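Accompanying notes for the structure given below.
We did not get these values from a lab; they are worked out from the coordinates using the rules stated. Just so you know, these numbers come straight off a predicted model, no measurement behind them. Here the Cβ positions follow ideal geometry from the backbone for every residue, glycine too, while neighbour counts run over all protein chains shown.
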């Protein structure tokens, strides 16, 4: 998310309980040291055509409990490397949420009922506003705290700490 807190892209919608195995299927575990290759398989088990339809900058939209399952950070990292702008869901598994912020993948919690696959979205992370340009509606999300926006702007927690290690917030 380095740069502006406004993102724009198409929505790709999934349901509830999307696990880390849906995000990166276990059969590709051997690729965990080759993240660009692993990223070619994101969401494959939830939608085998996903990587063919998806374009860098698009959004993943989901229901409740996105990222449930194992705690491996490779799931969030593979989404980021694949070019997902942000994941917007009704709720997230706690470990996935923290892993995503740590690797620099933006997340928003919102009611996703009014977003369909293919809808064009504009998202303001700091304000917590999702504009569904296709439907002409605005959806309020829980805005991210300032410190999380700062982590995302730096590209993740490691880069944030490198830059600000001597500053107390």
Legend entry - Residue list for the stretch 139-155, filter: surrounded by 13 or more Cβ atoms within 10 Å (Cβ to Cβ), out of contact with any strand residue (DSSP E or B) (no Cβ under 6 Å at 6 or more places or on another chain), assigned to a loop (DSSP other than H, G, I, E, B) and without any contact (Cβ under 8 Å) to a residue 60 or more places away in the chain: 143, 144
Inset, instruction - Could you tell me whether residue 86 is within 19 Å of residue 152 (Cβ to Cβ), surrounded by fewer than 20 Cβ atoms within 10 Å (Cβ to Cβ) and in contact (Cβ under 8 Å) with a residue 60 or more places away in the chain? - result: no
Inset, instruction - Answer yes or no: is there a residue in the stretch 21-29 that is out of contact with any helix residue (DSSP H, G or I) (no Cβ under 8 Å at 6 or more places or on another chain), within 22 Å of residue 118 (Cβ to Cβ) and not in a loop (DSSP other than H, G, I, E, B). - result: yes
Legend entry - Filter pass, residue 93 being closer than 13 Å to residue 67 by Cα and touching a strand residue (DSSP E or B) at 6+ places or on another chain (Cβ under 7 Å): yes
Legend entry - Failed item, numbered, when residue 112 is tested on (1) out of contact with any helix residue (DSSP H, G or I) (no Cβ under 8 Å at 6 or more places or on another chain); (2) over 23 Å from residue 139 (Cβ atoms); (3) buried (at least 21 other Cβ atoms within 10 Å of the Cβ): (2)
Inset, instruction - Filter the stretch 46-64 down to residues that are buried (at least 18 other Cβ atoms within 10 Å of the Cβ), part of a loop (DSSP other than H, G, I, E, B) and touching a helix residue (DSSP H, G or I) at 6+ places or on another chain (Cβ under 9 Å), then give me how many there are. - result: 2
